[in-house]
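Below is one structure, written out as C-alpha cells, with a few remarks after it.
Since every read-out is calculated from the coordinates, none of them should be taken as a lab result. The structure displayed is predicted, hence computed values, not measured ones. Note that each Cβ is placed from the backbone with ideal geometry, even for glycine, and that neighbours are counted across all protein chains shown.
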Amino acid sequence: MIARVEKMAYVKLFTDVIILIISFLVAGKLSGRGFGNESLLMMAIQVFGWYFSTKITNLYDEFRTEKYIGELLLILQNTVIQLLIAGQVFFLLSSTDQSRTFVLYFGCVLGGSLILKNYIEKKALLYYRTHGGNKRYVVFVGYNQITENLISLIHQSPHYGMKVLGVLAKEEELDSPYTYLGDLRKFFSNNLNSKVDDLIVTTESLDKVLLNELFSFCEAKGIRMKFVPNFDNFYLNRAQFQVFGNYPLITLRSEPLQLQHWKMLKRFFDIIFSVLVFIFLLSWLIPIMAIIIKLDSKGPVFFKQDRWGKNGEKFKCYKFRSMKPESKDVTKDNKFNQAKQNDPRITKIGAFLRKSNLDELPQFINVILGNMSVIGPRPHAHEHNLRTKDEVNSYLVRHWVKPGITGWAQVNGFRGETKTKEAMQKRVEFDIWYIENWTFWLDIKIIFMTVYNMLKGEENAY
C-alpha cells in the first residue's frame with residue numbers, strides 16, 4: 001500500500017511538472033520572450049524549485065479525508081514560490097525584457113491549470129473510491145465511543161475509500177456489531193495483518209511494552225499506526241495541535257483570534273467601520289437623540305455602566321440612556337436588577353431605543369477606544385457577571401475575546417432578559433461557538449443579520 005501511495009505521488013509530480021513546462025512555454029509565447037538557452041536554464045531551475053518546494057510543503061500527501069481547500073491552498077503556495085523563483089532568476093540574469101509580463105502570464109496559466117487539474121483529479125478519485133476502488137483497509141485497536149464514531153463516519157463517507165476490517169480488543173471489552181478480530185497477540189500471528197493499511201489506536205489501556213511491540217510490528221509490516229487522543233470527558237470538538245519545544249501540545253479549544261494577523265484584521269475593520277458609522281450616522285443622530293431624550297425625561301443623554309471586557313477587565317460601556325435617571329441596577333437586597341418586559345424604569349423613548357437596538361449605538365465610542373469590537377459576545381453588567389460566572393458552565397470563556405455591540409448569540413434570538421439558567425447557558429454556548437469558529441466573513445454575516453433583525457423587530461428586545 002505504501003508503494004502504491006508513493007507511486008501515485010510520483011504520477012502527480014510528473015503530470016504537474018509537464019503542466020509547469022507547458023505553462024512556461026505558453027507564458028514565453030504570450031509575453032514575446034521566445035525560447036533560447038537562457039529560457040532553457042530558467043525552466044530547469046523552475047522544475048527543480050517545484051520538486052523541492054512540493055516536498056517541503058507536502059503537496060503530494062494523501063488528502064483522503066481532508067477537504068479540497070487544503071490542497072488548493074498548497075497549490076497556490078507552491079505557485080507563489082514559482083513566481084518568486086522566476087523573479088530572482090530574472091534579477092540574477094539581469095534580464096528584464098518582458099519579465100513582469102512573463103511572470104504574470106506564467107502565474108496565471110500555471111495556477112489556473114494546476115487548480116483545474118487537481119479539482120478534476122479529486123472528483124475522479126472520489127468517484128472511483130465511492131464505487132469501490134483505491135481502498136484502504138483499517139483496523140481499530142480498542143473499542144469505545146470514539147471507535148464507534150469513527151467507524152460510523154467511515155461507513156457514511158464512501159468517498160474516503162476506507163474499509164473497516166474489524167476491532168482488536170479484549171473480548172470482555174467488546175460489545176458491538178463490528179467484526180471482532182481478537183486481541184493483539186492473535187493479530188500478530190494471523191494472516192489478516194497482511195491486508196491492513198492503517199491501524200488506529202483509540203484506547204489508552206495499552207501498557208508501554210505492548211505499545212512498543214505493536215509499533216515495531218507495524219513498522220515491519222508497513223502498516224501506518226495512528227492514535228486518536230481521548231477527549232470524551234471534555235465534550236469539545238475543536239482541539240488545536242501545536243508544538244511546544246519538542247513536545248506536542250494540544251489546546252482544547254480553537255481560537256482564531258489568538259493569531260496576530262486575524263487580531264489586526266479585526267481591529268482594522270472595527271476602526272474603519274466605526275469611523276464610517278460616526279461620519280454617516282452618529283454625526284447627526286447623536287444631537288437629535290440628545291434633544292429627544294432630554295425632552296422625554298431629565299438626566300444625562302448617555303448612560304455609563306461598568307462591564308467586563310476581554311480577560312475580565314472592567315471598562316465603562318456607553319449607551320443612550322433608556323431608563324429614568326434614579327433607576328438602580330441593584331435592588332435593596334443586593335440582587336442584580338435586570339431589565340424586564342414592561343419594566344417601569346424604562347422611559348417612553350427608552351422603550352423605542354431598546355426595541356430598535358439604537359440605545360447600543362454609542363458603544364462605537366468603546367470600539368474606537370479599543371474596549372469593544374463591532375462583533376463579539378455582548379458585555380454584561382459587573383453585578384450580572386458576578387452572579388452568573390459560578391452558575392453557568394464555561395461562562396468566563398466568553399471573555400477570551402473583546403465584547404461586541406452585537407454578536408452571534410444576539411442574532412440567533414438570545415438577547416435581552418435571560419429568565420432561566422438554561423437560557424443563559426445557551427447564550428454562552430453561542431458565544432463560545434463564535435470564538436471557536438470566528439472568520440472575517442462570519443462578522444460580516446452577523447452585521448447583516450443584526451440590521452435585518454432591527455428592521456423586523458425582535459420579541460426579546462425590551
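For residue 372, which sequence-distant residues (separation of 5 or more, or a different chain) have an amide H within less than 5 Å of its own amide H, given hydrogens modelled in the peptide plane?
HN-HN under 5 Å from residue 372: 367.
Amide H neighbours of residue 361 under 5 Å, counting only residues 5+ apart in sequence or on other chains, H built in-plane at 1.01 Å?
The list, which skips near neighbours in sequence, is 320.
Could you go through the stretch 345-355 in sequence order and give the Karplus-derived ³J(HN,Hα) for each residue, using 6.51 cos²θ - 1.76 cosθ + 1.60 with θ = phi - 60°, rounded to whole Hz, and x for Gly and Pro?
Karplus values, whole Hz, x for Gly and Pro: 6, 7, 7, 5, 5, x, 4, 5, 4, 6, 5.
Karplus couplings for the stretch 387-402 from phi (6.51 cos²θ - 1.76 cosθ + 1.60, θ = phi - 60°), rounded to Hz, Gly and Pro as x?
Using θ = phi - 60°, the values come out as 6, 9, 4, 9, 9, 10, 4, 6, 4, 6, 4, 5, 8, 6, 10, 5 Hz.
How far is it, in nm, from the label point at residue 261 to the one at residue 304 when both lie 7 Å from their Cα along the line to the Cβ?
The answer from the label model is 4.0 nm.
In what order do 284, 262, 400, 308 fall by count of nearby beta-carbon atoms within 10 Å, going from fewest to most? Walk me through the numbers on the way to the answer.
Values: 284 10, 262 15, 400 18, 308 22.
Starting with the residue having the fewest Cβ neighbours, the order is 284, 262, 400, 308.
At what distance in nm do the modelled label points of residue 117 and residue 433 sit from each other, each positioned 7 Å from its Cα along Cα→Cβ?
With each label point 7 Å from Cα toward Cβ, the separation is 4.2 nm.
Which peptide among 197-208, 290-301 comes first, and what is the full order, when sorted by highest mean count of other Cβ atoms within 10 Å?
On the way: 197-208: 16.1, 290-301: 14.3.
Those peptides, ordered most packed to least, come out 197-208, 290-301.
Of 163/208; 170/221; 123/221, which sit over 25 Å apart, Cα to Cα?
Numbers: 163/208 28 Å; 170/221 23 Å; 123/221 31 Å.
Distance filter (> 25 Å) returns 163/208; 123/221.
Can you run phi through the Karplus equation (6.51, -1.76, 1.60; θ = phi - 60°) for the stretch 284-297 and list ³J(HN,Hα) in whole Hz, with x for Gly and Pro?
10, 6, 4, x, 5, 5, 4, 5, 5, 5, 5, 5, 6, 7
Using modelled amide H (1.01 Å from N, peptide plane; none on Pro or chain starts), what sits under 5 Å from the amide H of residue 225, excluding residues fewer than 5 places away?
Amide H to amide H, under 5 Å and 5 or more residues apart or across chains, residue 225 pairs with 199.
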